[in-house]
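Shown next, in structure tokens, is the structure this report addresses.
Throughout, read-outs are computed from the coordinates displayed, never taken from laboratory work. Fair warning: this is a prediction, and the values are worked out from it, not measured in the lab. Here the Cβ positions follow ideal geometry from the backbone for every residue, glycine too, while neighbour counts run over all protein chains shown.
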Amino acid sequence: PVPGRQTWLEEGFRRTDELLAWAKANDMYLILDLHAAPGGQGNDINISDRDPAKPSLWDDPAQQEKMIALWRRLAER
């Protein structure tokens with residue numbers, strides 16, 4: 001992470017591109033689901049990636065901006 005900037009791991013985008021290519025080659029539709037949103041999206045710690053010591057997606061505008069930026073980046077690809 002770089003303070004004040006949206007940063008990304010290209011490996012995740014590469015994997016998503018490969019998955020999309022595989023689905024297309026096999027005549028399948030693919031629905032992207034952001035199941036690990038920045039900051040965590042749920043309160044059930046058993047199934048959420050949320051750290052209760054930090055603000056969640058729903059409580060932190062910075063996490064919300066990161067999520068919006070991620071969806072935009074995915075849409076651009």
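Sequence-distant contacts, meaning Cα pairs under 8 Å at least 6 residues apart, place the relative contact order of the chain at 22 percent.
If R0 is taken as 25 Å, the Cβ-Cβ distance between GLU11 and TRP58 corresponds to a FRET efficiency of 0.35. For the stretch 10-76, the Kirkwood hydrodynamic radius comes to 13.5 Å, computed from all pairs of different C-alpha atoms. Toward the positive end of the charge dipole of the chain, with +1 on the Cβ of Lys and Arg and -1 on the Cβ of Asp and Glu, the farthest Cα among LEU34, GLN63, PRO52 is that of GLN63. Each label point was placed 7 Å from the Cα along the Cα-to-Cβ direction; for ILE68 and ASN46 their separation is 3.5 nm.
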